[in-house]
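Read the structure below first, then the notes.
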């Protein structure tokens with residue numbers, strides 16, 4: 001992971017200004033796996049949020065996000081660190097949540113202004129909220145005299161806190177708490193870790209709060225493909241309750257077996273006794289529980305495909321994942337008249353079929369719902385020689401600018417400059 005710390009940034013002592021940037025992320029494989037102990041391949045992307053933090057004489061943390069307005073919290077308020085129901089699903093809740101977490105770890109917060117710019121499109125499934133949380137947290141810590149350092153295995157949180165150090169994992173855990181307890185979204189920690197660590201990584205969430213993280217090297221065969229996101233025409237900013245229902249349904253399926261998470265039983269055990277889930281919680285819960293096992297297996301097979309340098313198999317298995325999302329997880333769209341994501345997915349698959357040389361009917365690329373689902377974007381992997389005709393055809397159907405080319409493997413949190 002690539003973190004650039006200012007040379008003059010000492011282990012203690014405030015600084016007047018710093019610049020922090022954090023990338024967005026894309027979930028390459030592993031839909032709704034993190035909250036049930038599964039595995040995810042994720043990558044930081046070449047879209048970033050940048051924060052210039054300036055210390056000022058006031059008692060407020062003021063955030064000015066260009067294009068998204070301004071908010072602030074008052075450090076002099078004795079109840080400053082308490083989550084507020086009136087702030088649920090708002091930007092200020094994330095600022096308050098990160099400030100509260102930092103204060104609890106001993107960071108001495110100062111009045112400051114955070115000027116934020118971002119080219120991560122909101123509602124596109126690139127985890128703009130996770131990137132925002134991390135950017136705010138890293139900036140507040142840095143101007144408070146704390147160092148942001150690379151993660152090291154075997155070093156305890158207590159040791160780092162004593163030396164006024166924070167790692168990407170520490171910040172990710174704080175951001176998770178801010179999003180769950182203050183913003184009100186029952187998410188897992190996958191988004192935060194992917195943005196914070198950067199690169200392409202495999203996360204194993206057998207321990208959901210402290211997952212095993214390993215680097216993924218994309219083999220040469222992947223160089224023959226381009227990664228695109230196709231806009232559905234509607235974001236998923238208002239889909240918090242739908243995200244929550246997926247997580248809750250999967251947890252209900254685990255509860256039916258008396259386990260903490262679905263990872264704790266085998267697919268065979270689940271399938272052989274799926275009737276108890278149907279009887280107690282209904283068919284949608286049963287299907288979403290089954291989706292966990294199907295996707296978990298598909299992630300393992302895609303990891304194996306990358307290890308043997310077989311991008312074609314990776315693409316094929318990703319199309320299988322798309323079917324699991326649509327049929328089992330049912331997170332592509334909202335049933336009824338607003339099926340933007342489902343229509344976009346169908347059109348992407350149709351165009352890929354048009355571009356495929358008919359040999360065995362296997363699509364030349366893949367298309368699946370991206371991230372948590374319910375709108376946002378469709379993730380499409382296209383052979384390099386098919387990118388131009390794919391984009392031309394899709395944008396003739398969905399409008400100019402519907403396709404966004406995304407590059408994988410961007411660096412994670414960066415403290416890019418500071419002035420004493």
Is it fair to say residue 104 is without any contact (Cβ under 8 Å) to a residue 40 or more places away in the chain and either touching a strand residue (DSSP E or B) at 6+ places or on another chain (Cβ under 8 Å) or exposed (fewer than 15 other Cβ atoms within 10 Å of the Cβ) (or both)? yes
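Quick grid of which residues meet (1) in contact (Cβ under 8 Å) with a residue 40 or more places away in the chain; (2) surrounded by fewer than 18 Cβ atoms within 10 Å (Cβ to Cβ):
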| site | (1), (2) |
| --- | --- |
| 180 | no, yes |
| 219 | yes, yes |
| 228 | yes, no |
| 241 | no, yes |
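Would it be correct to say that residue 204 is in contact with a strand residue (DSSP E or B) (Cβ under 8 Å, 6 or more places away or on another chain), surrounded by fewer than 21 Cβ atoms within 10 Å (Cβ to Cβ), closer than 15 Å to residue 42 by Cα and not assigned by TED's automatic domain parsing to the domain that holds residue 264?
Spelling it out, residue 204 is indeed in contact with a strand residue (DSSP E or B) (Cβ under 8 Å, 6 or more places away or on another chain), surrounded by fewer than 21 Cβ atoms within 10 Å (Cβ to Cβ), closer than 15 Å to residue 42 by Cα and not assigned by TED's automatic domain parsing to the domain that holds residue 264.
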Considering residues that are touching a strand residue (DSSP E or B) at 6+ places or on another chain (Cβ under 8 Å) and either modelled with pLDDT under 95 or crowded, with 23+ Cβ neighbours inside 10 Å (or both), the number found within the stretch 48-59 is 7
Is it true that some residue in the stretch 68-81 is surrounded by fewer than 17 Cβ atoms within 10 Å (Cβ to Cβ), in contact with a helix residue (DSSP H, G or I) (Cβ under 9 Å, 6 or more places away or on another chain) and assigned to a helix (DSSP H, G or I)? no
So, in the stretch 406-420, of the ones that are surrounded by fewer than 19 Cβ atoms within 10 Å (Cβ to Cβ) and modelled with pLDDT under 95, which residue ends up farthest from residue 17 (Cα to Cα)? 416
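I need a count of the residues in the stretch 134-173 that are in a helix (DSSP H, G or I), closer than 21 Å to residue 15 by Cβ and at pLDDT 90 or above.
13
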Give me the pairs: first residue in the stretch 274-295 and in the same structural domain as residue 263 (by TED's automatic domain parsing) and free of Cβ contacts under 8 Å to residues at least 12 places away in the same chain, second residue in a helix (DSSP H, G or I) and buried (at least 18 other Cβ atoms within 10 Å of the Cβ), beta-carbon distance under 6 Å, and six or more apart or on different chains, which are they? 278/286
Identify, from the list 86, 93, 129, the residue that is in a helix (DSSP H, G or I) and farther than 24 Å from residue 374 by Cβ. 86
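The values are calculated or read from the model by the stated rules, or taken from the named source; none is laboratory data. This one's a predicted model, so the numbers in the text were calculated from it and none came from an experiment. Here Cβ is always computed from backbone atoms with ideal geometry, including for glycine, and neighbour counts include all displayed protein chains.
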